[in-house]
Structures are given as C-alpha cells and as structure tokens.
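First the structure, in the form of structure tokens, and then the observations on it.
The values are calculated or read from the model by the stated rules, or taken from the named source; none is laboratory data. All of these numbers come straight from a predicted model, not from anything done at the bench. Every residue, glycine among them, receives a Cβ derived from its backbone with ideal geometry; neighbour counts consider all protein chains shown.
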Amino acid sequence: MILDKVNSPEDLKKLSVEEMNTLADEMRELIIKKVNTTGGHMGPNLGIIEATVAMHYVFNSPVDKIVFDVSHQCYPHKILTGRKEGFTDPDKYHKYTGYTAPEESEHDIFKVGHTSTSVSLAAGLAKARDLKGEKSNVIALIGDGSLSGGEAFEGLDNAADLNSNIIVVVNDNDMSIAENHGGLYRNLKELRETKGKAECNFFKSLGFDYLYVDEGNNIEKLIEAFQKVKDTNHPVVVHLHTIKGHGLAAAEDNKEAFHWILPGTLDEKPSVPSVQTEDYNSVTNEFIMRKAKENPSLVVVNPATPGVHGFTPDFREKMGKQYTDVGIAEEHAVAYCSALAKAGAKPVLAIMTSFVQRTYDQLSQDLCLNNSPVTMLVYWGGLSSGDATHLGSFDIPLISNIPNIVYLAPTNKEEYLAMLEYSYSQNEHPVAIRVPNVPLVSTGVEDKTDYSILNKFKVEEKGSKVAILGLGNFFSLAKEVKQEIKQKLNIDATLINPRFMTGVDEELLENLKKDHDIVITLEDGVIDGGFGEKITRFYGNSNMKVLNFGGKKEFTDRVPIDELYRRYHLTKELITDDVKNCL
C-alpha cells in the first residue's frame, strides 16, 4: 500500500500524482470500512479526499495553517497527519475524535464541531501572523452548506479586507446535510454552470481574487490550483466543484442519507419488512401535519438538520410551502420565527440542543423581549457520550433563565402532546419544549393539564421525609430512586414531576416543609444555573436540605454515559447513599 509510506505530510510530497491517486483510493477504502463499523460522517469525508491530499502536497502544514469548517471533513486529514492507525486498526477506531483536535496533532489548530467558523478563525490566524511579521499560508476549508451560516459571511467580509495571505477553499458539493437553501446557492450554481465565469460572483463582490476548479476530485487539477494561490499576498477564494460521497455509489446516489450513517449501514441485510415504531419524532410530525392541514399559516422552520427531527423528504414534500429550511442559520431562524408569530402565523422551530447555543442573543432580544408566541422544539437534550463539540447538556441554564419564555419538560407522550397543544394554541409567551431524549413512554391516559397556569408541579405520589423532583428525561430515574429509598431506608418518598423548567411552584415547595427534611432534584443537564439551583435558592433561608443531581459544568469528550452517571452520582444506588448520609 502507498499509505504504508505516508506517516506525515512530508512523506506525501515524495509521491507522484499516480501514487497520490492510488493513495486516495486506499484512504477511501479505509474511511468506508471504518465509518460503516463505527458510524459517523461518510459523504463529507469521501468528497474531500483528493482536495486534502492536494492541499497537504502543496502547502507546508503545520507552518501553513489549515482550518477545517465543521471539521466533519477532517478524516482524510487525520490519516495524512500521523493518525492513520485510527483507520487501519479496528481496535483503535475510537482512539481519535471525529473532529479536529489540537491535543491529537500539531496539524490541528482548533477543536471545532459547529459550522461556518473556519473563515473567522483563519482570519484571526492571518491577522496575528501579520502583526508578528511572520510568513505562512492560512487556509480555511469551508463546505457542506456552511456558507449559509451568518458567521461565514462575517468571516468572509472581514477576511476580504486583510490585504494579505488568506486562502478560502470552498468545497462546493451542492449540498448541506440535506439540499441547500438560500439565494447564495443560486449564485454558486451559476458559477458551476459557467465554470466560474459568471459575471455575478459573490466572492468577487466582497473583494476576493477568485479561482474555479471544476474537477474538484482531480488531484492533478487541484495541485495546479493550489500552487497558483500558494504564498499569495492577498485574499483568494478557490472554488472547488466536488461530489459529496465521491467513490461510494450509495453515498453519491443518496447524499442526504449518507451525510452521517449508523454502524452497519452498508452491510447486507435480509429483506425483512421494517416495523414502524412510534417515537417522539413520529408523534411530533403527526401533530404538525394535522395542524398544518387545519391552519395554512402554520410553518415548520428548521436550520438545516431535518434528519434529526425525522423531517424526511416525504414529510418536507407534503408540508410544501409550510416548511422552511433556513440553511445553517440558527440565529436567523429564531428572529424569523419571532416575526412570523408577530404577523399572526404559527411557527414551529425545530432545533438541535447543541445548536441552540448560537442563538442566545436572538432568543433574548428578538424572541423573548418581544414575547412572540413561537413554539420551539429542542431535540437531543441531555448528558451524553458525544464529542465535546456536540454536547446537549447546556440548554436548561441557557433557555430557562431568559425572561418571558416558558421551557417545558414532558415525561411521556400524553404530556408532550398536551404541551404541544398548549404552545400551539396560546399567544402569551414563547414556549420551548425539550423533546424527550429517551424511548417513548405512553400512559394511555390523556393529559388534561392546563399549562397556561405556569410553574405548577405535579405530585405523582405523595409521601414524606424525602421529596424527589425528577425532571423530564430523568423522571424514570426518580421513580427508581423512590423504590430504592423505600427498600434501603424504609422511607416512602414523595415523587414530583416538575414539568416547568423556567420557574418554581412556590406553594408546593412551601408545603413540603411541613413533613419533608430533604428535597432531591434530578436533571439531565449541567447543574450550574439549572433547574435544581432554583429549588435550592427557594429553600436557602430554611432548614430544608436540598441535593442537586445532574452534570458537572465541564466539556466531556466521548466519555461513556454510564461512566458519567457514576461520576455525577446519577444512579439509584449512589443517590440513595447520598440521601442516607444527608439524613
């Protein structure tokens, strides 16, 4: 194998073009095998292999700095920069993260997992280089729809004004995670169709020099292009027309499905009719479809992650003009929905938990300050074994401490549907619902709660001495803790379902003082600034003892969830021990 000879970018520079083509094929085989085994980003990495080989052949990393956008395009880069064992040895498949990570290699500059950031980061590197009087190339690789994010424009706008070396490589595969949306992509299409010669050119309008490469998966053409712009003294955009999923027919034919895949997706399976199981996505989508038929002003808004929410191509087609993909633009999505609501429409914003972090100012100013009645569905919230870049544990402190918004935590299907109905029907507040990130639970009993009466907790089982508040995903854990306390401490604890994260039920909490000594809070997220601290603050001037259980304020990276639960005492045994010690 050619790859046996390549342990660093320096080794790559000794190869012929023919050998590099063979190397690209070998890398493609490794990536396909590994990703099919572990799951992960398939299409983005297959489409950028040749460009990565060419960049490392022409440029001198790490002296020359290559900044990856999203960095789910970095698998080929990792193979070429001393981490190929993570792709050749199945026992080491999980050794390296799926994103760039400076602790792994000097060739990685940043830990990056969110999109549209590479040009801003590269502009900062270039400015620092200039201030220090150094000489090197700074390259920002951006693609997979990332140009639709506002930070990408801000970065480009600033980078164009540097008047020094910065090279923006636009990996244009005509895709985001799903299809692209937005006026910018019409211009990219025009540039592709005219081989970069269209008079209307977004990048030139900002002040960039511009170079188009139609064969973006041709190593020889790519080397030629990169050699032309290497050591430039002004900002340049190199626009590559690539194929997402290049070299894997299934990924080329179904680009959306193969953006990110589960383990075993490519394995041969017997043709067995699939069993449709109900989950919170299907419940959500059935509710939306029913309401959309009744009300033509209902509109679903999603910032470029339809698969997360089960918004399949079929769902999107049926919704028609009542579905809007705003591109990778969460900030815009929040402001857009606020205005929709103010104008009398019924917006439902579906957004991933870790991406809510980008929207704080818009949530606060555009949405909550204006008290626009938007329904926001927050997906994948909770502690997880995910990468440090995609943790879903910070949303409760972020959202629940903004005035006016109501943040709800359902524990079962019936509560969730009642909360959806309440949010959809009311016009008093923005309402966020943390979609349960657990297998669907159904009681079979309609929830008739009036959620317009805010911050009223539900006592599920009345007891004494110990009260357990199990929020959302952790209500099932709360039930287990109640049983464990009964068995180990002979205490019949009170079990409470808070449902509201944005306030406290002062009447209920006050009543607990009469016959309870300890209150326990369980929340599937970080404790700092979260739900439990609101309860602790309420009891601050009393004799009630409060134990808050949840995550520590830290960035975890691929730590097994069971290990996190042990670390944070989120098991029925450890919680019961803590209660015993407190008593």
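A few notes on this one:
- Once the stretch 558-583 is narrowed to residues that are in contact with a Ser or Thr (Cβ under 9 Å, 6 or more places away or on another chain) and outside any helix (DSSP H, G or I), the residue that is farthest from residue 480 (Cα to Cα) is 558.
- Contact annotation: residue pairs with Cβ atoms under 7 Å, 6 or more positions apart or on different chains, pairing a residue in the stretch 20-39 that is closer than 23 Å to residue 386 by Cβ with a partner that is assigned to a helix (DSSP H, G or I), are 31/45; 31/46; 31/75; 31/87; 34/87; 37/90.
- Among the candidates 428, 415, residue that is surrounded by 21 or more Cβ atoms within 10 Å (Cβ to Cβ) and in contact (Cβ under 8 Å) with a residue 12 or more places away in the chain: 415
- Selected residue (only one of 96, 75, 57 is without any contact (Cβ under 8 Å) to a residue 24 or more places away in the chain and among the hydroxyl-bearing types (Ser, Thr, Tyr)): 96
- The strands (runs of 3 or more DSSP E) falling completely within the stretch 125-227 that include 1 or more residues that are surrounded by fewer than 21 Cβ atoms within 10 Å (Cβ to Cβ) and without any contact (Cβ under 8 Å) to a residue 40 or more places away in the chain map to 209-213.
- Total residues in the stretch 43-72 satisfying the condition of being part of a loop (DSSP other than H, G, I, E, B), of a type outside the set (Phe, Trp, Tyr) and modelled with pLDDT of 95 or more: the figure is 6.
- For residue 388, the conditions (1) touching a Phe, Trp or Tyr at 6+ places or on another chain (Cβ under 6 Å); (2) among the small types (Gly, Ala, Ser); (3) within 21 Å of residue 337 (Cβ to Cβ) are fulfilled apart from (3).
- Residue count for the stretch 75-94 under the criterion of being part of a loop (DSSP other than H, G, I, E, B) and at pLDDT 95 or above: the result is 6.
- When residues in the stretch 406-422 are screened for being within 25 Å of the chain's Cα centre (by Cα) and either part of a loop (DSSP other than H, G, I, E, B) or closer than 12 Å to residue 287 by Cα (or both), 9 of them pass.
- Options 301, 326; residue that is of a type in the set (Val, Ile, Thr) and in contact with a His (Cβ under 6 Å, 6 or more places away or on another chain): 326
Results for (1) under 25 Å from residue 533 (Cβ atoms); (2) surrounded by fewer than 24 Cβ atoms within 10 Å (Cβ to Cβ), shown as yes or no for each residue.
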{"site": "330", "(1), (2)": "no, no"}
{"site": "349", "(1), (2)": "no, no"}
{"site": "354", "(1), (2)": "yes, yes"}
{"site": "357", "(1), (2)": "yes, yes"}
{"site": "376", "(1), (2)": "yes, no"}
{"site": "381", "(1), (2)": "yes, no"}
{"site": "384", "(1), (2)": "yes, yes"}
{"site": "388", "(1), (2)": "yes, yes"}
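- Complete set of residues in the stretch 99-124 that are part of a loop (DSSP other than H, G, I, E, B) and without any contact (Cβ under 8 Å) to a residue 24 or more places away in the chain: 101, 102, 103
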